[in-house]
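> So that we are looking at the same thing, I have put the structure below in structure tokens.
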Amino acid sequence: MWNSFDAVIVGAGLAGSVCARQLAEADKKVLVIEKKNHLAGHCYDYLSEKGIYVHKYGPHIFHTDDEAAWRFASRFTDWHFYHHEVLGLVDGKRVPIPFNLNSMEKLFSPAMFARIGEKLIDTFGFGSRVPILKLREHKDPDLQFVAEYVYEKVFLQYTMKQWGKSPEEIDPSVSGRVPVVISRDNRYFHDRFQGIPEQGYTAMVERMLDHRNIQLMLQTDALEHLSIEDEKILISGKSYAGMVIYTGMPDELFQFAYGKLPYRSLELVFEEHGQDYYQENALVNYPGNYEFTRITEYKYFQRNHRSIRGTIISREHPEEYVRGVNQPYYIEKTEEAEAMATEYRRAAEGIPNLHLAGRLAEYRYYDMDEVIGAGMRMVNRIERVMQH
Ligand code: UDP
């Protein structure tokens, strides 16, 4: 039966759904196979009894400078134009993260703040964003002081908890996602477009998949039917000439031919509280000596949060990913992992009708907008090839 479709997409998360929609609109018949009992992958959310959209797999905030990705997503949702701010508990005070001039003013004496603030502005320019590992390279004693302070108090323990490794042991782009900001702008993201889907991510993805050319099968493990042999895709043992877009873990698809790819997981511990608010904004980071990295209070993602009684929070306890036990949320950006991922990418490239898409399959630390952008570009490329 699967053979009658022009394309089979493995995974109904954001990557799979973007590709499915694009192909469906190009008049291709698409089958989407999802192992879980719901769509939307890791951005799945549900409306709790309290009227709060809970992000089951942790907080998702949409932000992008990619206008095409924003426009695409906007076809399937209205937005609450939420601008994300994060506080971090540093030396007993809640200060803006990314660490910026406001954070320094809260933690340093006025004289020290004046001196260091001026030096940072002189050196980097007002409004610049400096990765912590770059800041640490400076020799000036004031800059060294502030770099060490931020490294120790904001990055070191958080990163050790999150990755089980220090900021130096992982790719610099990871800690560079949250630079030191030489301004008083407290926003976490500086992108042009930011928001949270008004009726949730699940509804957004549901609408994406709602097309006459798309058929969705939930609770089906594609790898029980689909396999790769001699650089060919087999479905139920028969050669499949259509397109396969695979969004799961590539090591599973290739039967671990190049080894087990490392992924990182979290235990999300949810709590309901009778009080209306638990903390003063959606996210508070705990970079210090706590077992968890951050607490999310979900109601803040909604326009109507003031009218909601009670609240729901989650704490994130990072942990190793164990197949079949927890969720592979993050890829690990180390040299070894990247080398192994490259082997799997190459193996996929050797099969003309196979494409890897999304965070897990491409093994990239994609944000949601990058998943959409990459998915759109990939399908455009495939379509061009199919037309010739
Ligand atoms: N990070 C940190 N302290 C913080 C926030 C972030 O050390 O208070 C580092 C940490 O290594 C983290 C990375 O920056 O994994 C990226 O943070 P981001 O908030 O982008 O992570 P995500 O939301 O993807 O989990």
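The values are calculated or read from the model by the stated rules, or taken from the named source; none is laboratory data. These numbers were taken from a predicted model, which means no experiment stands behind them. Here Cβ is always computed from backbone atoms with ideal geometry, including for glycine, and neighbour counts include all displayed protein chains. Surface accessibility is based on the protein's heavy atoms, side chains included, excluding ligands, DNA and RNA. Shrake-Rupley method; radii C 1.70, N 1.55, O 1.52, S 1.80 Å.
> Would you check which residues across region 159-172 are open to solvent by 40 Å² or more (accessible area, probe 1.4 Å) and part of a helix (DSSP H, G or I) and list them?
Met160, Glu168, Glu169, Pro172 - these are the residues of region 159-172 that are open to solvent by 40 Å² or more (accessible area, probe 1.4 Å) and part of a helix (DSSP H, G or I).
> Scan region 366-376 and tell me whether some residue there is in a loop (DSSP other than H, G, I, E, B), within 15 Å of the ligand (Cβ to nearest atom) and open to solvent by less than 10 Å² (accessible area, probe 1.4 Å).
No, that holds for no residue.
> Also: I'm told Ile331 meets every condition in (1) more than 14 Å from the chain's Cα centre (by Cα); (2) under 30 Å from Ser166 (Cβ atoms); (3) of a type in the set (A, V, I, L, M, F, W, C) except one. Can you identify the failing condition by its number?
The number of the failed condition is (1).
> Got at least one residue in region 239-260 being open to solvent by less than 20 Å² (accessible area, probe 1.4 Å) and over 30 Å from Ile382 (Cα atoms)?
The answer is no; no qualifying residue exists.
> Given the conditions (1) surrounded by 14 or more Cβ atoms within 10 Å (Cβ to Cβ); (2) within 16 Å of the ligand (Cβ to nearest atom); (3) not polar (S, T, N, Q), which single one is not true for Glu291?
(1)
> Right, something else. If you scan region 237-253, which residues turn out to be within 30 Å of Arg384 (Cβ to Cβ), of a type outside the set (Ser, Thr, Tyr) and over 24 Å from the mean Cα position of the chain (by Cα)?
Of everything in region 237-253, those that are within 30 Å of Arg384 (Cβ to Cβ), of a type outside the set (Ser, Thr, Tyr) and over 24 Å from the mean Cα position of the chain (by Cα) turn out to be Lys238, Ala241, Gly242, Met243.
> Filter region 106-140 for residues that are open to solvent by less than 70 Å² (accessible area, probe 1.4 Å), more than 18 Å from Asn285 (Cβ to Cβ) and part of a helix (DSSP H, G or I) and give the result.
Result: Met112, Phe113, Ala114, Ile116, Gly117, Lys119, Leu120, Ile121, Thr123, Phe124, Leu133, Leu135.
> Something else now. Is it true that Glu297 is among the charged types (D, E, K, R), open to solvent by less than 70 Å² (accessible area, probe 1.4 Å) and within 28 Å of Tyr149 (Cβ to Cβ)?
yes
> While we're looking at this one, here's another question. Failed condition for Ser103, given (1) crowded, with 19+ Cβ neighbours inside 10 Å; (2) within 30 Å of Leu14 (Cα to Cα), with all others met?
(2)
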